[in-house]
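Following: one structure in structure tokens, then a few remarks.
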Amino acid sequence: MATPKKITNSPYPMVDVDKALNTVLTKCETLALELIDMKTDGPESFLDRVLAEDVRSVENLPPFPASMMDGYAVVAKDGKGTFDVCGSATAGSEPIVTYMASGSVVYITTGAPMPKGTDAVVPIEDTEEIEGHRVVVKKAVRAGQWVRPIGSDVRAGDTVLDKHTVISATEVGLLACVGATRVKVYKRPTLAVFSTGDELVQPWESLRGGKIRDSNRPMLCSAAVSAGAIVRSYGIVKDQEVPLKELMMSALNESDIIVTSGGVSMGSLDLVKPLLEEIGNVHFGRMCMKPGKPTTFATVVSEKDGRTKLIFGLPGNPVSCMVVFRLLVDPAIKALSGIPLVACHHSRVHARLKMPLTLDPKRPEYHRAHLSWRETLGSPGEFIATSTGVQQSSRLLSMRSSTALLCLPSGTGTLKNGAVVPALLLGSQIPPPERVTPHMDGYTLHGASDASLGKDLGKNTVPHGEPSCPCCKIHGKSTTSNSIHVKDPPRYGGSFVHPKSTVLRVGILTVSDRASRGVYGDLGGPEIMTCLADHISSLWETDYRVVGDEKNVIEASLCDFADRTNCNLVITTGGTGPSLRDVTPDATMAVCDRIFPGFGERMRQISGTYVPTAILSRQVVGTRGQCLIVNLPGSPSSIRQILPEIFEPLAHMLFLLNASKIVLTKTLDTPLNVRASDFIVDVVNKKWIDEKLEKFGNGTITAVVEKVLDVVKEREADENSVFTIARGCGRKKAKTSISLSLSPGYLAYLKRMQMKYNIADIQKTLRIILDFALEGDEGGEVHGIF
Ligand code: AMP
Ligand code: MG
């Protein structure tokens with residue numbers, strides 16, 4: 001073996017991962033076959049083995065025409081009527097009646113052979129036993145009805161399992177079913193693992209003097225067992241040529257695959273590469289990937305049997321080591337075990353990034369991530385990828401709970417959150433859905449959204465095949481809210497992508513006993529969605545649930561939103577009042593680690609400008625980790641009053657919590673800057689206000705205007721007619737100014753309407769409203785204002 005020299009440039013070219021995997025797979029030779037026997041080895045010994053032969057059934061199943069029901073075997077053409085029961089046929093025995101003529105019936109159980117002469121079974125529920133051995137057949141059956149013909153499950157000669165099938169529980173059942181209990185399978189590869197490094201001690205030893213624990217070997221052994229190999233652990237070997245070579249040679253004698261870790265980099269004590277050069281054929285010594293660059297792959301042809309042994313020299317850093325094991329060794333174990341090469345590759349899906357990821361300028365990166373399946377209304381669903389955090393190759397925590405490797409290309413810059421990247425699934429499990437909605441369990445997404453949004457309430461129109469909610473039975477329930485019509489609010493929105501922004505994920509939790517039981521459709525949740533759509537122009541999406549006023553259920557939902565479905569913001573509606581069932585703030589305080597009392601006060605202040613009872617609301621705002629939780633009252637009008645005014649502090653807080661920018665469509669600071677004397681109204685408006693003041697003898701102009709605004713604000717149904725239909729008859733009217741000191745809530749309302757209906761300014765917005773009041777008075781139409 002050549003004496004290692006310090007080298008600064010690696011002589012090994014960097015090979016692409018795909019090419020490297022191809023090289024590995026082409027060197028894989030399937031192993032010899034062995035016979036396993038269900039009777040002596042047990043059925044569990046079949047699990048995960050790969051069939052080395054096709055399995056056929058030599059018999060028909062069922063081997064006789066069998067009854068599918070408990071009932072009476074009949075001659076179908078006899079039809080309905082009263083018949084003598086001339087015998088019985090039960091599962092597992094020959095029929096007592098060997099031939100039955102027309103005019104009588106035979107009692108039969110499920111799975112029993114049909115007596116000769118009978119051609120159908122009448123289920124027991126369609127018959128009535130009468131005195132003696134007689135029975136009334138109340139429903140006629142067709143010939144063949146409720147009978148499984150011979151070979152209808154499996155026909156003699158049918159292939160029930162193909163060569164190369166991986167045997168799982170169902171396959172074990174099939175083998176048993178056709179009696180194929182001795183089958184040929186491929187032998188499992190034997191895989192040797194050892195770690196190299198002077199610094200390594202056993203995992204159970206304490207650390208001193210520059211030592212670290214050998215984490216790679218236990219990890220690789222476990223990974224190899226789960227991949228289907230028989231594992232031999234060869235311990236730790238020092239960075240010394242002789243012991244390393246000795247261990248390698250004895251491992252080669254006893255194994256099909258050898259996996260080492262450490263000693264493949266460019267240090268003076270990295271001895272694995274030179275050893276592999278000496279004893280075998282090195283196919284590559286560097287891979288173009290991050291992490292795992294120094295990975296080395298060699299083969300040695302055994303002098304004993306001429307078989308090709310595979311040697312993987314994995315890097316020492318635990319993450320690199322594990323990532324490369326997944327990318328190269330996993331597929332090799334499969335290939336040797338008899339799995340066809342095409343099926344040895346990891347499943348590849350596409351996933352949408354939940355956060356921005358910076359690219360490596362030189363090498364493609366296999367970024368560890370957790371995938372979950374997200375269902376969003378109106379889209380077929382997609383995988384969402386959440387990074388496992390700092391990706392340093394020594395930080396094994398970056399592999400913890402990772403279910404996928406994101407394949408990031410090399411390049412400059414950053415992939416934005418929301419970008420779609422290929423992802424290799426680690427393991428065969430399909431990632432679970434991102435959202436669980438306990439209330440909606442067993443409920444289709446479409447059904448859930450429609451029902452919970454109050455659509456179709458009271459019409460009893462259950463779309464065919466769409467289950468109604470198992471707990472609220474909303475579709476079937478008569479309701480007092482027949483008149484409520486809620487248009488589908490948007491469940492997600494925004495189009496503006498800010499370089500610093502991620503998708504804002506908002507958990508919406510409606511807390512209401514009655515809405516959760518389906519007594520009425522929830523209006524709060526949809527109102528919040530509408531507000532989000534009106535005010536946020538960067539990307540946002542919602543996760544929406546309706547629960548009853550149960551503290552533990554509210555707590556669980558909040559934790560689920562914050563911890564599992566990764567909401568940045570949770571808005572609750574309902575359950576904030578003083579009644580004993582109102583426990584949303586208590587649940588919020590129980591799950592939050594910090595409370596922001598000023599925020600709650602501000603919200604009460606805002607609603608206080610509308611209703612004096614606002615002081616009774618116990619709304620709380622707090623954070624759980626990086627998730628901000630905000631309580632709103634239950635009434636849609638208070639949501640409309642409060643939410644638009646708190647978007648700015650909300651956005652600021654979310655920025656500080658998540659360092660992610662939320663771009664608001666409209667800022668609401670303008671109205672607060674409007675000076676009272678700025679209000680310009682039409683002279684006719686002013687005259688109308690003066691008339692009202694005169695009529696009532698006291699009050700202020702502001703009070704009159706606020707009264708008008710109250711009425712318009714409360715009349716959501718009229719909003720459209722106020723601001724679009726009745727608006728702007730085109731007359732040029734003389735203007736005058738009035739002195740108003742509207743409180744912030746009213747100013748905010750004017751601003752919101754101005755934005756919503758695209759009106760030039762809030763002066764004009766107020767004129768439109770006053771026109772509406774005036775015209776109502778003139779036309780005799782009672783607006784109910786005064
Ligand atoms: P190497 O590939 O030998 O240069 O090692 C690279 C890094 O991985 C060094 O920091 C080693 O201490 C560490 N390392 C090597 N082998 C192991 C192992 N078996 N378990 C944990 N860390 C290791
Ligand atoms: Mg080393």
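The values are calculated or read from the model by the stated rules, or taken from the named source; none is laboratory data. Given the structure is predicted, the values throughout are model-derived calculations rather than measurements. Note that we place each Cβ from the backbone using ideal geometry, even for glycine, and neighbour counts take in every protein chain shown.
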All but one of (1) more than 16 Å from ligand 2 (Cβ to nearest atom); (2) within 14 Å of residue 311 (Cα to Cα); (3) among the polar types (S, T, N, Q); (4) touching a Phe, Trp or Tyr at 6+ places or on another chain (Cβ under 8 Å) hold for residue 233; state the number of the condition that does not hold. (2)
Among the residues of region 599-632, which ones are within 20 Å of residue 512 (Cβ to Cβ), in a loop (DSSP other than H, G, I, E, B) and of a type outside the set (D, E, K, R)? 611, 617, 619, 620
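With respect to residue 215, determine if the residue is within 16 Å of ligand 1 (Cβ to nearest atom) and within 39 Å of the chain's Cα centre (by Cα).
On the way: within 16 Å of ligand 1 (Cβ to nearest atom): yes; within 39 Å of the chain's Cα centre (by Cα): yes.
Answer is yes for this residue.
Looking at region 263-273, which of its residues are within 9 Å of ligand 1 (Cβ to nearest atom) and over 17 Å from residue 293 (Cα atoms)? Let's see the steps before the verdict.
In the first step, residues of region 263-273 are kept if they are within 9 Å of ligand 1 (Cβ to nearest atom); the result is 263-267, 269-270, 272.
Hit for region 263-273 is 269, nothing else.
Kindly indicate whether residue 225 is more than 16 Å from ligand 1 (Cβ to nearest atom) and either at pLDDT 95 or above or buried (at least 17 other Cβ atoms within 10 Å of the Cβ) (or both).
Numbers: more than 16 Å from ligand 1 (Cβ to nearest atom): yes; either at pLDDT 95 or above or buried (at least 17 other Cβ atoms within 10 Å of the Cβ) (or both): yes.
Yes; evaluated as a whole, the condition is true for this residue.
Residues checked against (1) of a type outside the set (Val, Ile, Thr); (2) within 41 Å of the chain's Cα centre (by Cα):
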site: 252; (1), (2): yes, no
site: 256; (1), (2): yes, yes
site: 264; (1), (2): no, yes
site: 282; (1), (2): no, no
site: 289; (1), (2): yes, yes
site: 295; (1), (2): no, yes
For region 274-294, the count of residues that are more than 10 Å from ligand 1 (Cβ to nearest atom) and either under 26 Å from residue 391 (Cα atoms) or in a loop (DSSP other than H, G, I, E, B) (or both) equals 11
If residue 332 passes every condition in (1) out of contact with any strand residue (DSSP E or B) (no Cβ under 7 Å at 6 or more places or on another chain); (2) modelled with pLDDT of 95 or more; (3) more than 16 Å from ligand 1 (Cβ to nearest atom); (4) of a type outside the set (Phe, Trp, Tyr) but one, which one does it miss? (1)
Please tell me if residue 201 is touching a Cys at 6+ places or on another chain (Cβ under 6 Å) and within 13 Å of ligand 1 (Cβ to nearest atom). no
Among the residues of region 172-198, write down those that are buried (at least 17 other Cβ atoms within 10 Å of the Cβ), within 16 Å of ligand 2 (Cβ to nearest atom) and not small (Gly, Ala, Ser). 193, 194, 196
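Give region 167-212 a look and list any residue that's part of a loop (DSSP other than H, G, I, E, B) and under 37 Å from the mean Cα position of the chain (by Cα), or say none.
In the first step, residues of region 167-212 are kept if they are part of a loop (DSSP other than H, G, I, E, B); the result is 167-168, 179-181, 187-189, 197-199, 202-211.
Within region 167-212, 167, 168, 188, 189, 203 qualify.
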Hey, any hits in region 229-249 for a residue that's acidic (Asp, Glu), buried (at least 22 other Cβ atoms within 10 Å of the Cβ) and not in a strand (DSSP E or B)? no
Residues to consider are 371, 397, 415, 426; find the one that is at pLDDT 90 or above, under 30 Å from residue 215 (Cβ atoms) and crowded, with 17+ Cβ neighbours inside 10 Å. 371
Which members of region 315-361 meet the condition of being surrounded by fewer than 18 Cβ atoms within 10 Å (Cβ to Cβ), more than 29 Å from the chain's Cα centre (by Cα) and assigned to a helix (DSSP H, G or I)? 341
Check residue 524 against each of (1) out of contact with any helix residue (DSSP H, G or I) (no Cβ under 8 Å at 6 or more places or on another chain); (2) in contact (Cβ under 8 Å) with a residue 24 or more places away in the chain and name the one condition it does not meet. (1)
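Find the residue count for region 261-279, including only residues that are away from ligand 2 (no atom under 13 Å from the Cβ) and surrounded by fewer than 20 Cβ atoms within 10 Å (Cβ to Cβ). Quick ask: steps written out before the conclusion?
First pass over region 261-279, keeping only residues away from ligand 2 (no atom under 13 Å from the Cβ): 274-279.
Retained after the next criterion (residues that are surrounded by fewer than 20 Cβ atoms within 10 Å (Cβ to Cβ)): 274, 277-279.
Matching residues across region 261-279 total 4.
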Determine whether region 17-36 contains at least one residue that is exposed (fewer than 13 other Cβ atoms within 10 Å of the Cβ), outside any strand (DSSP E or B), under 47 Å from the mean Cα position of the chain (by Cα) and not charged (D, E, K, R). yes
Please list, ordered by first then second residue, the pairs with beta carbon atoms under 7 Å, 6 or more apart or interchain, first in region 257-273 and in a loop (DSSP other than H, G, I, E, B), second basic (Lys, Arg) and more than 10 Å from ligand 2 (Cβ to nearest atom). 264/273; 268/6
What's the number of the only condition in (1) in a strand (DSSP E or B); (2) surrounded by fewer than 20 Cβ atoms within 10 Å (Cβ to Cβ) that residue 39 fails to meet? (1)
